[in-house]
Amino acid sequence: MPKINTPGSGHGAPAPVAGWQWLAYSNAAYLAALRRAVRIIDTRVKGHRPCDNAFRALPGGRTFSQVWNDSTVWISYDPGGTANRYGATLGKEVTITAYSLRMGHWTVAATLVHELAHVNGAGGATTAAEDTLKSCLLHGLHDPTIIGRIVRRSLRRLA
């Protein structure tokens, strides 16, 4: 399962990129929301065959379960509170915004699945990452207007 960047985790997170930050979780309420989202994914989404198949179809070719079980993926915190700014991915570094965390653990779960689709190669110019929610038991949180944008090659998704 992805690791959570917390104080003392020893994680050397990336420097800020295009206004996005990869910080340690120091806010207890936000960390609790993230952990509830992780529990949802771990107990409901991981191993769900349609979700695995949707992820396998992405350019990275791995199933959701394989991506979820990748211990080199890190989840960090971005203090951004701007509406409709949920998260970003840089390689295997995912950051979840304060905005998303304030929306609650279901939004965080959907944001994590979306961002993990980018970890698995979903591009930033289509709805491919967002569309995985329909196969990953998060259909009600799917928003067809969410399309990431590539700011530079190494930065997979910013939305």
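At a glance:
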{"item": "Hits in the stretch 56-91 - residues which are surrounded by fewer than 16 Cβ atoms within 10 Å (Cβ to Cβ) and either touching a His at 6+ places or on another chain (Cβ under 7 Å) or β-branched (Val, Ile, Thr) (or both)", "result": "72, 82"}
{"item": "One residue from 44, 39 being touching a residue at least 12 places away in the same chain (Cβ under 8 Å), within 22 Å of residue 135 (Cβ to Cβ), assigned to a helix (DSSP H, G or I) and not aliphatic (A, V, I, L, M)", "result": "44"}
{"item": "Residue match in the stretch 85-99 (condition: touching a Lys or Arg at 6+ places or on another chain (Cβ under 7 Å) and part of a helix (DSSP H, G or I))", "result": "yes"}
{"item": "Residue selected from the stretch 111-132 under the condition modelled with pLDDT of 95 or more and touching a His at 6+ places or on another chain (Cβ under 8 Å), by the criterion surrounded by the fewest Cβ atoms within 10 Å (Cβ to Cβ)", "result": "131"}
{"item": "Count of the stretch 24-47 residues which are surrounded by fewer than 16 Cβ atoms within 10 Å (Cβ to Cβ) and under 18 Å from residue 116 (Cα atoms)", "result": "7"}
{"item": "Residue list for the stretch 117-149, restricted to those being of a type in the set (A, V, I, L, M) and in contact with a strand residue (DSSP E or B) (Cβ under 7 Å, 6 or more places away or on another chain)", "result": "119, 129"}
{"item": "Residues of the stretch 22-36 satisfying the condition of being within 14 Å of the chain's Cα centre (by Cα) and without any contact (Cβ under 8 Å) to a residue 40 or more places away in the chain", "result": "35"}
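The values are calculated or read from the model by the stated rules, or taken from the named source; none is laboratory data. Predicted, not measured: the structure shown is a model, and the values here were computed from it. All Cβ positions, glycine included, derive from the backbone under ideal geometry; neighbour counts span all protein chains shown.
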